[in-house]
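The values are calculated or read from the model by the stated rules, or taken from the named source; none is laboratory data. Only a predicted model underlies this, so the values are computations on that prediction, with no experimental measurement involved. In this analysis, Cβ positions are derived from the backbone assuming ideal geometry, glycine residues included, and neighbour counts consider all displayed protein chains. All accessible areas refer to the heavy atoms of the entire protein, side chains included, with ligands and DNA or RNA removed. Shrake-Rupley method; radii C 1.70, N 1.55, O 1.52, S 1.80 Å.
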Amino acid sequence: MNIVIFGPPGAGKGTQSKNIVEKYKLYQLSTGDLLRKEIKNKTDLGLKISSIINSGELVSDKIVSDLIERFISNETYKNKIIFDGYPRTLNQAKNLDNLLKKYNQKIDIVLKLSVTLATVKKRILERQIQENRTDDNEEVAVKRYKTYENSSEPLLEYYKRSNLLKIINGEASITEINTEIGGLIESIKGWLWKITQYKYAIT
Ligand code: AMP
């Protein structure tokens, strides 16, 4: 099963992804983590993108597309990916569909965590103390929220049309969200199992 987890910065995508990874033996593909690793290792790419990330803008579609293709094309991760922070634009969503198709895969569910700007500010300031991320301060948090509203919100319609979208109240407690996501994943797993049985029966 491939899952997309989607929502503004500070919505809890990373926290929930880690829970799902443990419970369902999936692999978390966080484009933000991959990009921060490039910056930390001072690679050519890292040097090129650090100012973009620190300003709260998005890096180019090409850069993130190359990063995720390395993951999608790897047999180890086949149909076991949770996409955290990708896609973030309509163009990226279409690219993801094409890449998954190329490697004989698809998205099974899109989880959208909804939170207000006030919650985003509060959580990002808390995270700044714990993780010391350079883009976690109030000014950049607001900028990242605006980037999300402008570039990423249009994706909702795209996923609504394909019937994959599940909206979750990201203001609830970590455990409550966890339980809700678990229920959704179990129901999808049930469906996937039934489809497999059906295909098996008719062949
Ligand atoms: P995140 O850890 O997901 O909040 O991402 C941190 C930053 O990395 C974002 O504010 C963007 O600058 C960059 N980034 C992460 N994922 C993407 C993406 N899919 N497309 C473009 N930029 C991204």
Mind checking which residues of the stretch 39-49 are near the ligand (Cβ under 10 Å from one of its atoms) and open to solvent by 20 Å² or more (accessible area, probe 1.4 Å)?
-> Ile39
Pick out, from the stretch 125-203, the helices (runs of 4 or more DSSP H) lying fully within it that include 3 or more residues that are free of Cβ contacts under 8 Å to residues at least 12 places away in the same chain.
-> 154-161, 174-202
Would you please name the residue that is farthest from the ligand (Cβ to nearest atom), looking only at residues in the stretch 100-121 that are open to solvent by 40 Å² or more (accessible area, probe 1.4 Å) and part of a loop (DSSP other than H, G, I, E, B)?
-> Asn104
If we keep just the residues of the stretch 126-161 that are β-branched (Val, Ile, Thr) and under 21 Å from Ser50 (Cβ atoms), which is surrounded by the most Cβ atoms within 10 Å (Cβ to Cβ)?
-> Val140
Taking Thr15 and the conditions (1) more than 23 Å from Asn178 (Cα to Cα); (2) more than 10 Å from the ligand (Cβ to nearest atom), which numbered condition does it fall short on, given that it satisfies the others?
-> (1)
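Restricting attention to the stretch 86-99, report how many residues are assigned to a helix (DSSP H, G or I) and either more than 14 Å from the ligand (Cβ to nearest atom) or not hydrophobic (A, V, I, L, M, F, W, C) (or both). Spell out the reasoning first.
Step one: of the stretch 86-99, the residues assigned to a helix (DSSP H, G or I) are 90-99.
Still in the running and either more than 14 Å from the ligand (Cβ to nearest atom) or not hydrophobic (A, V, I, L, M, F, W, C) (or both): 91-92, 94-95, 97-98.
Of the residues in the stretch 86-99, 6 are assigned to a helix (DSSP H, G or I) and either more than 14 Å from the ligand (Cβ to nearest atom) or not hydrophobic (A, V, I, L, M, F, W, C) (or both).
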In the set Thr89, Thr76, the lone residue that is of a type in the set (S, T, N, Q) and surrounded by 16 or more Cβ atoms within 10 Å (Cβ to Cβ) is Thr89
